[in-house]
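Here's the structure we're looking at; comments come further down.
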Amino acid sequence: MRPWLVGANGSFIRRTLALRPGAMLTQELEKSKAQRPIARRLRLNFPALVTIASALAALAAMFAADGQEITREPKTLELWAAAIAATLGVLSCAVVMSVRPRTPQTLAMATGGSIMAALLCWMPSWVVLTEIRQHLIFGGIRDTRERDIPIIVAEISKGGYNVWLESYSALVKIEENDYVAAFGRAKRLRPVGYCVRATVQTAGAASRIIAHHGISLPAGSVERCPYTLEK
């Protein structure tokens, strides 16, 4: 391409070679302007995105769980969950505050969104940490045996048929046929002489029940306690 052209009056006119790079730069600027609203919306909605991500992580942990710890968990687990939730809240506030221009609406979303993110992320963080703790403790050498654990409360809820176990702060679900055969259709009662037959793993001072998704026992788990049959 020749850099010089002849004008109508015979003068030479230099062709601007920078037209093509200039046009490309303009297109890139237009693209970046078109992307800014999307990036802005993502930043404004960051607290909601963090909350959804933590909830999905908790659901994945619950789905992969194969047991429920029946011994009291250390308080440090709750403190770590609170620390993680607070960190996510602070991060959410910082991301929303980075949006420009900064308006009163942005400030309100940063404050309210970060508080809600911290509160809503505490429970998912605790669930994930609980499953990580179980894998670390029970992943190595452990004692596994069948045990009969007395039932102190049986109840029917919207979530299914539940029993609370004696001496443990554990709630497990049982099959409908097992519940009806043992307790009838009573909504809530304190049965006497009934146990659940469950597989219990022990590692040091920690124990857990093997259960589907960490909460559901297989069919046939409810039975009369052996000590009542001996009488």
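The values are calculated or read from the model by the stated rules, or taken from the named source; none is laboratory data. Source: prediction; values computed, not measured. Here the Cβ positions follow ideal geometry from the backbone for every residue, glycine too, while neighbour counts run over all protein chains shown.
Brief remarks on what is shown
- Residue count, segment 66-90 (criterion: among the polar types (S, T, N, Q) and crowded, with 19+ Cβ neighbours inside 10 Å): 1
- Residues within segment 165-185 that are surrounded by 13 or more Cβ atoms within 10 Å (Cβ to Cβ) and of a type outside the set (D, E), tallied: 11
- Meets criteria (more than 21 Å from L79 (Cβ to Cβ), at pLDDT 90 or above and not assigned by TED's automatic domain parsing to the domain that holds L88) for G112: no
- Residues in segment 132-154 that are charged (D, E, K, R) and either without any contact (Cβ under 8 Å) to a residue 60 or more places away in the chain or not in a strand (DSSP E or B) (or both): R133, R142, R145, E146, R147.
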